[in-house]
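Before any comments, here is the structure.
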Amino acid sequence: MANENGLMMIRKVAEVLTFLAQGEATVAEIVEATGEPRSSIYRLLSGLQSEDFVEPGTRRGRFRLGMKLLPLGAAVVARFDERKLAQPAMERLHDLTGETVFLCVPHQDEAICVERLAGKRVQSLALRVGGSLPLHAGAASRAMLARREAGEWDDYIRRNSPLVGFTPSTVVEPAGLKALLAKTRESGLAISDQDVTVGVAALGVAITDYKGQVRGALSISGLRESVLGSSLEQWSDALIAAGHEVSRALGCGVVGGQVADFG
C-alpha cells in the first residue's frame with residue numbers, strides 16, 4: 001500500500017510539473033487539467049515550492065516551474081551527442097536562411113526539441129527547447145516518422161487515433177498521412193505547409209546513426225512565403241547536406257572505412 005501511495009504521489013507531481021511546463025497557470029487551471037481536488041493541488045504546490053521546483057508566477061495567483069529544475073533539464077539535454085555534433089551544421093543553416101533552425105529527437109510517439117537557433121526575422125513559437133510535437137505534425141516530426149517501417153505507421157496511427165489536428169492543414173486522415181510519409185521517405189525531405197501554425201512552413205530531414213536508426217531531425221522554420229518561396233531549392237539542398245553531415249558524424253554510411261552513398 002505504501003509503495004502504491006508513493007507511485008500515485010509521483011504521478012500527481014509529474015502531472016503538475018508537466019502542465020506547468022506549458023506556461024504559468026492558476027490553481028484552478030491545474031485542477032481542471034489534472035482532475036485532482038483543489039486541496040490536493042494546494043498541498044502539492046506548497047511542497048514543490050518549498051523545494052524550489054515551483055515558484056510564484058509573474059502575476060498574483062499564478063505558478064511556474066522553479067529555477068531548481070534548470071540544471072536538471074540541462075543535464076538531460078547535455079546527454080544527447082546529436083546536439084554537439086549538429087551545432088556547426090545548424091549554425092550554417094541559420095546563417096544561410098535567417099530562419100529558426102531546430103534539432104529534435106524521437107521519444108516514443110513525439111519529437112522533442114533539444115536545440116533551436118531563433119530566427120533573425122521571425123521566431124517560431126510552436127516549439128521551444130524541451131517542447132514536443134506528435135510525429136505526424138511538423139517537418140522534423142514527419143521526417144523521423146517517415147523513416148520508420150510502413151507497418152509502424154499503422155501502429156502509430158492506431159495508438160494515437162484520432163490524430164490531433166493543429167490547423168486545417170494538418171493531415172490526420174490515415175490514408176493521406178501514409179501517402180505523405182511515403183513521399184517524404186522517397187525524397188528524404190519533409191515539408192510542413194502550415195500544418196502546425198497558420199502562416200508558417202518548415203523543411204525537415206532525419207539524421208541516422210551507424211545502425212541506420214533515426215537519432216533525430218533537423219528543420220528550418222519560418223514564414224511560409226520565405227520557406228516555400230524562391231529559396232526553397234537552395235535551402236532544401238543545404239538542409240539535406242546538413243542532415244548527411246550529422247549522420248556521417250554519427251557513423252551512418254560508413255562501410256569498411258568508406259562513406260557510402262546516402263541516396
Response to the item:
Scanning segment 143-153 for residues that are farther than 15 Å from Ala206 by Cβ and without any contact (Cβ under 8 Å) to a residue 12 or more places away in the chain gives Gly151
Worksheet item: Can you spot a residue in segment 116-126 that is exposed (fewer than 15 other Cβ atoms within 10 Å of the Cβ) and over 19 Å from the mean Cα position of the chain (by Cα)?
Response: yes
Worksheet item: When segment 157-212 is examined, which residues are found to be in contact with a Phe, Trp or Tyr (Cβ under 7 Å, 6 or more places away or on another chain) and of a type in the set (Asp, Glu)?
Response: Asp195
Discussion item. Suppose we keep only residues that are assigned to a strand (DSSP E or B) and among the acidic types (Asp, Glu) within segment 97-143. Which one would you say is farthest from Gly165 (Cα to Cα)?
Written reply: Glu115
Worksheet item: Within segment 25-68, can you find the residues that are of a type in the set (A, V, I, L, M, F, W, C), part of a helix (DSSP H, G or I) and open to solvent by less than 30 Å² (accessible area, probe 1.4 Å)?
Response: Val27, Ile30, Ile41, Leu44, Leu45, Leu48
Response to the item:
Result of the Cβ filter at 9 Å on segment 181-192, keeping first residues that are under 14 Å from His136 (Cα atoms) and partners that are open to solvent by 30 Å² or more (accessible area, probe 1.4 Å) and of a type in the set (Ser, Thr, Tyr), at least 6 apart or interchain, is Ser192/Ser169
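The values are calculated or read from the model by the stated rules, or taken from the named source; none is laboratory data. None of these values were measured; they are calculated from a predicted model. We place every Cβ from the backbone using ideal geometry, glycine too, and count neighbours over all the protein chains shown. For the accessible areas, the whole protein counts, side chains as well, though only heavy atoms, and no ligand, DNA or RNA atoms are used. Shrake-Rupley method; radii C 1.70, N 1.55, O 1.52, S 1.80 Å.
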